[in-house]
Amino acid sequence: MINNAWKDYLYKYILLKNEELNLLDIRENNGILDIPVIKKTSRTRRTVAMLTVGINHQINPPEHLVSGFASPKSKKQFVLTDEIYEFIRNAWIIREYRLAKDERTVKSEQFRMGLSLFQYKKQMEAEQETLRTESILEWKNQWINIKNCSSAHNHERIDKLNRLKDILDEIVAKDKINSINSTWRFQKQLLFLHFLVAFYQISMVEHHFDWKQIGARYYRKIGGSKEFDAYKKEFIEVAEELLEYPLHLLGLSSLGTITSIYFTGPMQGDSASYNYGAIHATTDLAVFTEEFKTEADVLWLVENRGIVTRMGYERDFLIGSNSFILGIDGQLRSAHRRLIEQLASTVKQVIIWTDVDEAGLIIAKEVGETVQKFQAITKWVVPPLEVALNFEEFQSRYERAIQVKKEEQEQEIGGVELWKKWINP
């Protein structure tokens, strides 16, 4: 009365431990089966549930059922209507109701994924996996062809393009498509890989180019110039994180996207020199084309521009403590990371100070990882305005503080006397 495919499915996904189907007491009515579920112990045997399933096995279920049931473990509530009975009859859903110990009273009722819906989703997943495999292979072949046909016309940028080449080669060799950004869906990850190949292709031969030329040259079709437009900002940012270098310096016209970096304190570069007494700004282009250094002893890395401004007013404190204040502006970009690495190599202390929220915790961790390769003592500011000397202590205290109250740096910034204690506790 019930085939082996149904039995295997019910035993694997629906029945609980020590439960089994009572095949002798199945009742059939108009293409629908009511199957008792029994549970056996060493001393008892009782009916614990009833499953209502269908035997029509229609192939194409409604879209809302396909999207509504993520797995056989999903449980939904429906009102029994003629339509729902039809869904059961076509093996798209199962009606499951659990019984109390008297074996008659209904304790709970829910609907589960049926065999036909399960098989349909498996078929769709298999087809999607085939398409995924084919699209990855197409990208790999595209990269290999472009790599083999490209020769650098711009030798001053060849080191960075070789880094991009190594990244793409590693993705091909190790099949690491998910290593770029695991939070992106597959199609976005794949499009980004096409963007990297397209950028490599044009940067090898063009001294300067604009955004639209990247896609146009790569796809060579009407509309190709717009292929990457939906994710322009994200793709540029992630590519710069991978290369640790601005794409502007690899030929991409900036279109007004130069990043400013705000700071106060002494800093010297190849073409500029800064002293105490004002809030200064440099750019990502300067950071990647010059070598900066500082004579400061204490490097403060703060999340908000407002803290840079506030501490900049305390000129006597800055000079007396020989401090340099660098603003991260809410996101640690590749330019921030490079400047931090340049400055942290000579200072004695690094003090990291971020907002009390989830983003602040992430920034503090990333900044800590950036400076840990240097000899400077690293400190993190933790609520209530104290310092921790290791990240584990900082993280534990910060997470507790987030649960109590999230706040921005400007809400509690202490003052000169407190800042001196953080330097010399």
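What about Ile146, is it in contact with a Phe, Trp or Tyr (Cβ under 9 Å, 6 or more places away or on another chain), assigned to a helix (DSSP H, G or I) and over 30 Å from Gln189 (Cβ atoms)?
Values: in contact with a Phe, Trp or Tyr (Cβ under 9 Å, 6 or more places away or on another chain): yes; assigned to a helix (DSSP H, G or I): yes; over 30 Å from Gln189 (Cβ atoms): no.
Taking the combined requirement at face value, the residue does not satisfy it.
Working only within region 1-10, note down all residues that are part of a helix (DSSP H, G or I) and farther than 15 Å from Gly114 by Cβ. It would help to see each step written out before you state the result.
We begin by selecting, within region 1-10, every residue part of a helix (DSSP H, G or I); these are 4-10.
Hit for region 1-10 is Asn4, nothing else.
Would you tally the residues in region 30-44 being at pLDDT 90 or above and open to solvent by 70 Å² or more (accessible area, probe 1.4 Å)? Quick ask: steps written out before the conclusion?
Start the filter on region 30-44 by keeping residues that are at pLDDT 90 or above, which leaves 32-39.
From what is left, the residues that are open to solvent by 70 Å² or more (accessible area, probe 1.4 Å) are 39.
Total meeting the criteria: 1.
Tell me the strands (runs of 3 or more DSSP E) entirely within region 20-66 that contain at least 1 residues that are touching a residue at least 60 places away in the same chain (Cβ under 8 Å). Before the answer, list the steps.
Numbers: elements: 27-29, 32-40, 45-54.
The strands (runs of 3 or more DSSP E) meeting that bar are 45-54.
Within region 268-281, is there a residue that is among the polar types (S, T, N, Q) and at pLDDT below 90? Give the derivation first.
Restricting attention to region 268-281, the residues satisfying the condition of being among the polar types (S, T, N, Q) are 268, 271, 273, 275.
Right, trim to at pLDDT below 90 and you get 271.
Yes, region 268-281 has at least one match.
If I ask for residues that are surrounded by 19 or more Cβ atoms within 10 Å (Cβ to Cβ) and either of a type in the set (Ser, Thr, Tyr) or over 17 Å from Ile32 (Cα atoms) (or both), which ones from region 51-60 would you list? Spell out how you get there, then give the answer.
Filtering region 51-60 down to residues surrounded by 19 or more Cβ atoms within 10 Å (Cβ to Cβ) leaves 51-54.
If the condition is that a residue be surrounded by 19 or more Cβ atoms within 10 Å (Cβ to Cβ) and either of a type in the set (Ser, Thr, Tyr) or over 17 Å from Ile32 (Cα atoms) (or both), then Thr52 is the only one that fits.
Of the conditions (1) open to solvent by less than 60 Å² (accessible area, probe 1.4 Å); (2) in a helix (DSSP H, G or I), Glu399 satisfies every one except a single condition; which number is it?
Unmet condition: (1).
Would you please list the contacts, defined by Cβ atoms under 9 Å and residues six or more apart or on different chains, that run from a residue in region 305-323 that is more than 16 Å from Lys421 (Cα to Cα) and assigned to a helix (DSSP H, G or I) to a residue that is of a type in the set (A, V, I, L, M, F, W, C) and open to solvent by 70 Å² or more (accessible area, probe 1.4 Å)?
Arg305/Ile279; Val308/Ile279; Thr309/Ile279; Gly312/Ile279
Spot the failing condition for Glu83; the list is (1) part of a helix (DSSP H, G or I); (2) open to solvent by less than 30 Å² (accessible area, probe 1.4 Å), and only one is missed.
Against the list (1) part of a helix (DSSP H, G or I); (2) open to solvent by less than 30 Å² (accessible area, probe 1.4 Å), Glu83 comes up short only on (2).
For every residue, the table says whether it meets (1) polar (S, T, N, Q); (2) within 27 Å of Tyr120 (Cβ to Cβ); (3) touching a strand residue (DSSP E or B) at 6+ places or on another chain (Cβ under 6 Å).
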| site | (1), (2), (3) |
| --- | --- |
| Tyr9 | no, yes, no |
| Tyr13 | no, yes, no |
| Leu23 | no, yes, no |
| Leu33 | no, yes, yes |
| Thr47 | yes, no, yes |
| Thr52 | yes, yes, yes |
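For region 343-363, enumerate the residues that are under 25 Å from the mean Cα position of the chain (by Cα) and either free of Cβ contacts under 8 Å to residues at least 60 places away in the same chain or not in a helix (DSSP H, G or I) (or both). Can you show your working first?
Within region 343-363, the first condition is being under 25 Å from the mean Cα position of the chain (by Cα), and the residues that meet it are 352-363.
Those that are under 25 Å from the mean Cα position of the chain (by Cα) and either free of Cβ contacts under 8 Å to residues at least 60 places away in the same chain or not in a helix (DSSP H, G or I) (or both): Ile352, Trp353, Thr354, Asp355, Val356, Asp357, Glu358, Ala359, Gly360, Leu361, Ile362.
Do we find that Ser71 is outside any helix (DSSP H, G or I) and loosely packed, with under 13 Cβ neighbours inside 10 Å in this structure? Quick ask: steps written out before the conclusion?
Numbers: outside any helix (DSSP H, G or I): yes; loosely packed, with under 13 Cβ neighbours inside 10 Å: yes.
Yes, satisfied.
This table checks each residue for (1) over 23 Å from Glu399 (Cα atoms); (2) open to solvent by 30 Å² or more (accessible area, probe 1.4 Å); (3) under 28 Å from the mean Cα position of the chain (by Cα).
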| residue | (1), (2), (3) |
| --- | --- |
| Val298 | yes, no, no |
| Arg310 | yes, yes, no |
| Gly330 | no, yes, yes |
| Ser334 | yes, no, yes |
| Glu341 | yes, yes, yes |
| Thr370 | no, no, yes |
| Val387 | no, yes, no |
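Taking the stated definitions as given, is Phe324 buried (at least 21 other Cβ atoms within 10 Å of the Cβ), more than 28 Å from Ile236 (Cβ to Cβ) and among the aromatic types (Phe, Trp, Tyr)? If you could, list the steps in order and put the result at the bottom.
Numbers: buried (at least 21 other Cβ atoms within 10 Å of the Cβ): yes; more than 28 Å from Ile236 (Cβ to Cβ): yes; among the aromatic types (Phe, Trp, Tyr): yes.
It is true that Phe324 is buried (at least 21 other Cβ atoms within 10 Å of the Cβ), more than 28 Å from Ile236 (Cβ to Cβ) and among the aromatic types (Phe, Trp, Tyr).
Being more than 13 Å from Arg112 (Cβ to Cβ), β-branched (Val, Ile, Thr), open to solvent by less than 40 Å² (accessible area, probe 1.4 Å) and within 41 Å of the chain's Cα centre (by Cα) narrows it down to one of Val48, Val66, so name that one.
Details: Val48 fails: within 41 Å of the chain's Cα centre (by Cα).
From the options Val48, Val66, the qualifying one is Val66.
Conditions first: (1) within 21 Å of Glu109 (Cβ to Cβ); (2) without any contact (Cβ under 8 Å) to a residue 60 or more places away in the chain. Asp8 passes all but one, so which condition is the exception?
So the condition that Asp8 fails would be (1).
The values are calculated or read from the model by the stated rules, or taken from the named source; none is laboratory data. In this text the structure is predicted, and so the values were computed from the model without any measurement. Here Cβ is always computed from backbone atoms with ideal geometry, including for glycine, and neighbour counts include all displayed protein chains. Just the protein is used for accessible areas: all its heavy atoms, side chains included, with ligands, DNA and RNA removed. Shrake-Rupley method; radii C 1.70, N 1.55, O 1.52, S 1.80 Å.
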